[in-house]
1. Please list 3J(HN,Hα) in residue order for the stretch 258-263, calculated via the Karplus relation 6.51 cos²θ - 1.76 cosθ + 1.60 where θ = phi - 60°; whole Hz, with x for glycine and proline.
2. What FRET efficiency would be calculated for the residue pair MET71, HIS191, taking the C-beta separation as r and a Förster radius of 45 Å, to the nearest 0.05?
3. Suppose R0 equals 22 Å; then what is the FRET efficiency for PHE115 and ILE210 from their Cβ-Cβ distance, rounded to the nearest 0.05?
4. So for CYS83, CYS282, CYS122, fewest C-beta neighbours within 10 Å to most, what's the order?
5. According to the square roots a ≥ b ≥ c of the eigenvalues of the Cα gyration tensor, what is the shape class of the stretch 1-125, taking rounded for a/c under 1.5, prolate for a/b larger than b/c otherwise, and oblate for the remainder?
6. Enumerate the calculated ³J(HN,Hα) couplings along the stretch 136-150 in order (Karplus 6.51 cos²θ - 1.76 cosθ + 1.60, θ = phi - 60°), each rounded to whole Hz, writing x wherever the residue is Gly or Pro.
7. Return the sequence-ordered ³J(HN,Hα) values of the stretch 23-38 in whole Hz as given by the Karplus equation 6.51 cos²θ - 1.76 cosθ + 1.60 applied to θ = phi - 60°, using x for Gly and Pro.
8. Evaluate E = 1/(1 + (r/R0)^6) for ALA12 and GLU129, where r is the Cβ-Cβ distance and R0 equals 51 Å; express this FRET efficiency to the nearest 0.05.
Amino acid sequence: MEKTERQSLGSAPIGWLLRTFAIPSIISMVVSTLYNIVDQIFIGRGVGYLGNGATNVILPITVIALALGLMIGDGATAYFSLCLGQKELKNAAQGVGNALTLTIIVSVALTVGSFVWLQSLCVLFGATETILPYALEYGSVIVLGFPFYMFSMGFNSVVRADGSPVYAMMATLSGAILNTILDPIFIFVFHMGVTGAAIATVLGQIVSSILTVVYLRRFRSVRLTRKCLIPQGKLCAIGKPVQATLVSLSRQVLFLLPALVILPRFLGVEGALWAGPVGDACAFVLALTLGFLELRKLDSRSVRL
C-alpha cells in the first residue's frame, strides 16, 4: 500500500471507509456462492436431479474447506491489520507468511483426507445408492481444488486489509465468471457431466488463486522477504549440502522404501498404496524441520552481526 493509502485507513471518514471496503466485500461474498448455484443450474439441465443431489452431498465438505480457509485468512488479516496500525511491518509480513504455510499444510491434509475417505463422507452426508456414483465423480475433482479454494478465499481478506478491496473483489469475480463460462461448455459441448462441472469450478478457483498470488508478490504494505519453506536447492545455496542431500533422498529412500516393506504387512495391498502419501508426508516434515532450524540459525547470526 502506498503511504497516502495507508494513511487514509487511519484518517479517512469512517462512513467513506465502510462504503469503500464493505461494498466490494459483500459482492465478493455473494459471488463466492455462485459456484454451487451455477453448478446446480447447469448440472440440473445437463445431468438431472441425481447430479444435483451429488453436488448437495459434496457441499458440506466444501463448506468445511471454506471454514478452515476463512479461519486462517481472517485470523491473519486481523493480526496483519494490528501490525500495520502499530507500524510493525516485519511482524505483519511474518504473520502473513505463517498463515500461508498453515493454509498449505491444512489444505493438503484436508484434500488427502477427503479424497481417501470420500465414499464414507458421501454416505455420511446423505448419499443414496443412486446418487453415490455421481457424488464420487463430482467430489473426486472438487477436493483436488481445496488448496486453491482455501487460499483464494482466505487470503482475499488479506488483500482487502492491504487497501485493495476492489482487487480482492475482481479476483473472486474472475473465477466465478470463468466457472459460469466453462460449465455449459464442459457439460453440453463435451458431455462431461458432473465431472465437467467440477473441473470448471476448480479452474475458476485456480484463476482466483493466481490473481491473489500476483498481488501478494507485489504486496504494497509489506514485503514478504522470508520463504515459508526451504527446498533442497535453497539448502545447497546456503552451503548445506548434507541437509540438501538428506532432503533429496528422504522421500524415495529413507521413507518410501521402508513404508513399502512395513505397511503391506499390516494393511495388505492398501499398505502399498499408502506408502506413497506416507513417504511424501514424512519427507515434507523433515524438509520443514530442517528449514526452520536453518532460519533460526540465520536469525541468530544476524543478531550477533
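Only the coordinates and a few stated rules stand behind these numbers; no lab work does. Model, not experiment: these values are computed from the prediction. A quick note on method: Cβ atoms are made from the backbone with ideal geometry, for glycine too, and the neighbour counts reach across all protein chains shown.
1. Whole-Hz 3J(HN,Hα) from phi for the stretch 258-263: x, 5, 5, 7, 7, 4.
2. So, using R0 = 45 Å, E works out to roughly 0.70.
3. Working from the Cβ atoms, E equals 0.45.
4. Least to most surrounded, the residues fall as CYS282, CYS83, CYS122.
5. oblate
6. After applying 6.51 cos²θ - 1.76 cosθ + 1.60, I find 5, 5, 6, x, 5, 8, 4, 5, 5, x, 4, x, 6, 5, 5 Hz.
7. The phi angles translate into 4, x, 5, 5, 4, 4, 5, 5, 5, 4, 7, 5, 3, 5, 5, 4 Hz.
8. Given R0 = 51 Å and the Cβ-Cβ separation, E is 0.30.
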